[in-house]
Amino acid sequence: FGAVSWMPSMISISIVREIGPVIIALICAGRIGSSIGAELGSMKVTEQIDAMEVSGTNPFKFLVVTRILAATLMLPILILIGDLVAVIGSALVENVKGDVSFLLYFN
């Protein structure tokens, strides 16, 4: 069929454009969302948020905005790392199963 020559480019394009960002975003949404929810929930139960309001600090600005900003800044970096790992993994599979060298794969 001759699809071996098309595999590196098609795998790389599909990982970088679609699969990588979607998978990383789903993982981060589940993990970060549950983490933020659990931490803020436990802070509400132990009345730490009420103590911040009494002391004059804005809990929304201090607790929520910083976490959302950190997640927004780190998500593109995580996507780049995930794409790199996926492309190297696909090159490894092509090397083992398809007898394609790393040099040929990345060229």
Legend entry - Test: Ala86 is among the small types (Gly, Ala, Ser) and within 27 Å of Ala25 (Cα to Cα): yes
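Restricting attention to helices (runs of 4 or more DSSP H) lying wholly within segment 24-107, give those where 3 or more residues are within 25 Å of Ser12 (Cα to Cα).
Hits in segment 24-107: 66-97, 102-106.
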Legend entry - Residue check, Gly89 out of contact with any Lys or Arg (no Cβ under 8 Å at 6 or more places or on another chain), over 30 Å from Gly2 (Cβ atoms) and open to solvent by less than 70 Å² (accessible area, probe 1.4 Å): no
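Filter segment 31-74 down to residues that are basic (Lys, Arg) and within 20 Å of the chain's Cα centre (by Cα) and give me whichever is most open to solvent (accessible area, probe 1.4 Å).
Filtering segment 31-74 for residues that are basic (Lys, Arg) and within 20 Å of the chain's Cα centre (by Cα), the one most open to solvent (accessible area, probe 1.4 Å) comes out as Arg31.
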Inset, instruction - Assess whether Gly82 counts as being closer than 20 Å to Glu18 by Cα and either modelled with pLDDT under 90 or surrounded by 12 or more Cβ atoms within 10 Å (Cβ to Cβ) (or both). - result: yes
Legend entry - Residue tally, condition of a type in the set (Ser, Thr, Tyr) and more than 30 Å from Arg17 (Cα to Cα), over segment 41-79: 4
Legend entry - Test for Val96: is it exposed (fewer than 12 other Cβ atoms within 10 Å of the Cβ) and β-branched (Val, Ile, Thr): yes
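The values are calculated or read from the model by the stated rules, or taken from the named source; none is laboratory data. Just so you know, these numbers come straight off a predicted model, no measurement behind them. Note that we place each Cβ from the backbone using ideal geometry, even for glycine, and neighbour counts take in every protein chain shown. All accessible areas refer to the heavy atoms of the entire protein, side chains included, with ligands and DNA or RNA removed. Shrake-Rupley method; radii C 1.70, N 1.55, O 1.52, S 1.80 Å.
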